[in-house]
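Every number in this text was worked out from the coordinates using simple rules, so none of it is lab data. Since we're looking at a predicted model, the values are computed, not measured. All Cβ positions, even for glycine, are placed from backbone atoms using ideal geometry, and neighbour counts span all protein chains on display.
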Amino acid sequence: MAKRDINIDIAKGLGVFLVILGHNLANEKLGVGKLIYSFHMPLFFMLAGIFHKQDNGIVTLLKSKGKRLLLPFVFFSLFHYFFYLAWAFCFTGVDNFEFNIIYKIIPYKDAISIPLWFFISLFEILIIYFLVLKKINTIWLRMFVVFILSWLSYFISQMNLPFYYNYFHIFSSFSMLIFYAIGHDFFNVLKTKWLPKNNYLKVCSFFLISSLLYFINSFFKGIDINSNTFKTPFFIYITSAIMGIYALWILSNLINKTVFLSKFWAYIGKNSLGIFAIHLALFEFSRPLVNLIISKDIFLNNLMGAFITLTLAIILNTILKKVVPFVYGL
């Protein structure tokens, strides 16, 4: 068995924190939210592509990934439904609760909890890429095909068609297909050949790329992969996503030089799916608490709120893994 690459876990840990921070950034005017959204979901799909397995056939794939992705989707959907129902009974009044959102457990147009779209989209991409890989052995032809499919998804989203909707997040899946393919076909090159050789170059590269990425995204209104909404030109969006992923990979390698930080972020990365799935509900606890401490500086308020939410998510995720281990495939 190949040795686990801790840099991948660190990248996942940083990525899930950026997801939490991105969801917590409200009314901030610095443009940090646009920066995060430009690459954080492409990052997760690229990291997922690294572990794509083609050996066992489509039936085995559907069974194993259905258990790993669809079962958690259903469980965490019900978790959020009953959480917000209990919250309504205790605080906001049950009259304000939308009982019919239980139907969103079938993600025809949405999910009960917004972040859970990722589970559906990743499941779809696994199937799509399995079929692409089965039919096309040549790597550059395969990359061309997934590039065209991703571009078509972007193009259709720009056409303002009256019947267009991101049903079952399928257009989001096609948009992210290119990053999944990059993870599968090019990760080893990124890991061995494209990384700066010494720490000084890594630090300089990280700050240079991050600054350039921030500058580029300041001219555009951003993207939202969940709804497959793009207010950024296609090649800018693709380039920004790759730049952001590359910068975060450099940061992961730098963090791996520090024992405590590497263990901290790697632990989060190993538990990223659970933390990702439950964090949204925990804002109900973190936001009032942070507002008591920091109310004037919006960005610091959001940043502290994200760290508190992350802490709560780690605790709750640990409990859930012990109580319902089958949801985690344990």
Inset, instruction - Give the cross-link partners of residue 322 among the lysines, using a straight C-alpha distance below 19 Å as the criterion and excluding same-chain residues fewer than 8 apart. - result: 67, 270
Legend entry - Straight-distance crosslink candidates among aspartates and glutamates, where the alpha carbon sits under 20 Å from residue 231 and sequence neighbours closer than 8 are dropped: 28
Legend entry - Percentage of interatomic Cα-Cα distances in the chain larger than 29 Å: 39 percent
Inset, instruction - State, to one decimal in nm, how far the label point of residue 56 lies from the label point of residue 319, with both points 7 Å from Cα in the Cβ direction. - result: 3.2 nm
Legend entry - Angstrom value of the Kirkwood radius, inverse mean 1/r, which spans all Cα pairs in region 8-117: 16.7 Å
Inset, instruction - Between residue 109 and residue 207, with labels modelled 7 Å along Cα→Cβ, what's the label distance in nm to one decimal, could you check? - result: 4.9 nm
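Using the structure shown, select from 34/109; 134/263; 53/193; 63/321 the pairs with a Cα to Cα distance greater than 29 angstrom. Let's see the in-between values first.
Working: 34/109 24 Å; 134/263 38 Å; 53/193 23 Å; 63/321 21 Å.
Pairs exceeding the cut-off: 134/263.
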Inset, instruction - Rank by packing, highest mean first: peptides 41-51, 91-101, with packing defined as the count of other Cβ atoms within 10 Å averaged across residues. - result: 41-51, 91-101
